[in-house]
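The values are calculated or read from the model by the stated rules, or taken from the named source; none is laboratory data. Keep in mind that what you see is a predicted model, and the values were worked out from it rather than measured. Every residue, glycine among them, receives a Cβ derived from its backbone with ideal geometry; neighbour counts consider all protein chains shown. Please note that ligands, DNA and RNA were not included when accessible areas were found on the heavy atoms of the full protein model with its side chains. Shrake-Rupley method; radii C 1.70, N 1.55, O 1.52, S 1.80 Å.
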Amino acid sequence: QVQLVESGGGLVQAGASLRLSCAASGLAFSSYGMGWFRQAPGKERGFVAAISWGGGSTYYADSVKGRFTISRDNAKNTVYLQMNSLKPEDTAVYYCAASINYSRDYAGGYGYWGQGTQVTVSS
């Protein structure tokens, strides 16, 4: 049974940093591309960042480029999202997802999803 469990969310002020983690189990983690998506209240789920199997390729939404960094530790079956210079518009539930391919921003290419972790950024 595949499980993706996000952690690290919370309430922070604008300008602060957070690091999200997503621990994976039940899959050959190093064979999967990983992604982070987010969903704000009243909005559709949107792409944030993606990383290839070995971590050599990354891809970001324009809205987070230069502020967020995705990384992975295949020895720990974990993917991270370092979020710096947070803005109120970054407030959302953040989801990690796994794709047997490197699906980048294509949500339909991700076969497994976590339950999400809430990030709230106050102004």
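The set of residues from the range 62-118 being of a type in the set (D, E, K, R) and either within 17 Å of residue 21 (Cα to Cα) or touching a strand residue (DSSP E or B) at 6+ places or on another chain (Cβ under 7 Å) (or both) comprises 67, 72, 73, 76, 87, 90, 104, 105.
When the range 28-51 is filtered for residues that are touching a residue at least 60 places away in the same chain (Cβ under 8 Å) and open to solvent by 60 Å² or more (accessible area, probe 1.4 Å), the ones remaining, listed by number, are 39, 45. Collect the residues in the range 1-27 that are in a loop (DSSP other than H, G, I, E, B) and in contact (Cβ under 8 Å) with a residue 40 or more places away in the chain, keeping them in residue-number order. Passing the criteria: 2, 8, 9, 14, 15, 16, 17, 27. Against the numbered list (1) out of contact with any Gly (no Cβ under 9 Å at 6 or more places or on another chain); (2) under 15 Å from residue 49 (Cα atoms); (3) surrounded by fewer than 16 Cβ atoms within 10 Å (Cβ to Cβ), residue 89 comes up short only at (2). The set of residues in the range 73-86 that are closer than 18 Å to residue 26 by Cα and either open to solvent by 60 Å² or more (accessible area, probe 1.4 Å) or of a type in the set (A, V, I, L, M) (or both) comprises 75, 76, 79. Of all residues in the range 97-118, those being surrounded by 17 or more Cβ atoms within 10 Å (Cβ to Cβ), of a type in the set (S, T, N, Q) and under 13 Å from the mean Cα position of the chain (by Cα) number 2.
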